[in-house]
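Beneath this line is the structure, given in structure tokens, with notes to follow.
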Amino acid sequence: MTLLLVDAANVVGARPDGWWRDRAGATTRLLTRLAGLPGRPVTGPDGGTVVCADVVAVVEGRARDVPAPDGVRVERATGSGDDVLAACAVRLDAQGAPVLVVTADRGLRARLPAGTRVAGPGWLLAVLDELGCAPPA
């Protein structure tokens, strides 16, 4: 079982769907979609199967106060979302939790513990689409 640690701002920004007009709304839609992942097996970024045990999403800025749906733990960054995500990854790594971080941010990837598995937003969005975890209308 793998914990999915999501850079929400990075994933939201991966599709040019007008998210910049309503960052909080776009983040809420992403979190709602992520709530469908815990307990489900998905095709991992390496082609193997990943069973998502838990989802932790780091939110920041205008999206910091969005509600957390059941099934998603939200870490609210009062400053840098990258700092919070990197600290979460370090803490989870120290606990021995198998973690898959979702971000395209190269600087953030460089701050993760050695050996941390990473996938880009495109992988996550494709998984959500494939599973039918559609954004609310």
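Name the helices (complete DSSP H segments) of the chain with a Cα length along the long axis of 18 Å or more and a Kyte-Doolittle mean of at least 0.0, or state none. Walk me through the intermediate numbers first.
Numbers: long enough: 81-94 (20 Å, 0.74).
The qualifying helices are 81-94.
Note down the relative contact order for segment 1-56 as a percent, whole number, built from C-alpha pairs under 8 angstrom at least six residues apart.
Reported as a whole number, the value is 48 percent.
Which semi-axes, in whole Å and largest first, does the equivalent ellipsoid of segment 19-66 have when worked out from the alpha carbon gyration tensor as the square roots of 5 times its eigenvalues? Walk me through the intermediate numbers first.
On the way: eigenvalues 132, 24, 16 Å².
So the equivalent ellipsoid measures 26, 11, 9 Å along its semi-axes.
Could you work out the equivalent-ellipsoid semi-axes for the chain, taking the square root of 5 times each eigenvalue of the Cα gyration tensor, largest first, in whole Å? The partial results should precede the final answer.
Numbers: eigenvalues 83, 66, 36 Å².
Each semi-axis is √(5λ); the values are 20, 18, 13 Å.
Need one word for segment 69-137: rounded, prolate or oblate. Basis is the Cα gyration tensor (sqrt eigenvalues a ≥ b ≥ c); a/c below 1.5 gives rounded, then a/b vs b/c decides.
Working: a/c = 1.74, a/b = 1.53, b/c = 1.14.
Judged from the Cα gyration tensor, segment 69-137 comes out prolate (a/c at least 1.5, a/b above b/c).
Only helical DSSP H runs with n ≥ 4 go in: add -39500 (n - 2.57) per run for the chain, normalise by residue count and round the 222 nm mean residue ellipticity to 500 deg cm²/dmol. Show your work: numbers first, answer last.
Working: 5 runs with 48 residues, N = 137.
-10000 deg cm²/dmol, from helical runs alone.
Given Cα pairs under 8 Å that are at least 6 residues apart, what percent is the relative contact order of the chain?
Numbers: 237 pairs, mean separation 41.8, N = 137.
31 percent.
Rule-based calculations on the coordinates, nothing more; no lab input. Just so we're clear, the structure is a prediction, and the values are computed from it rather than from any experiment.
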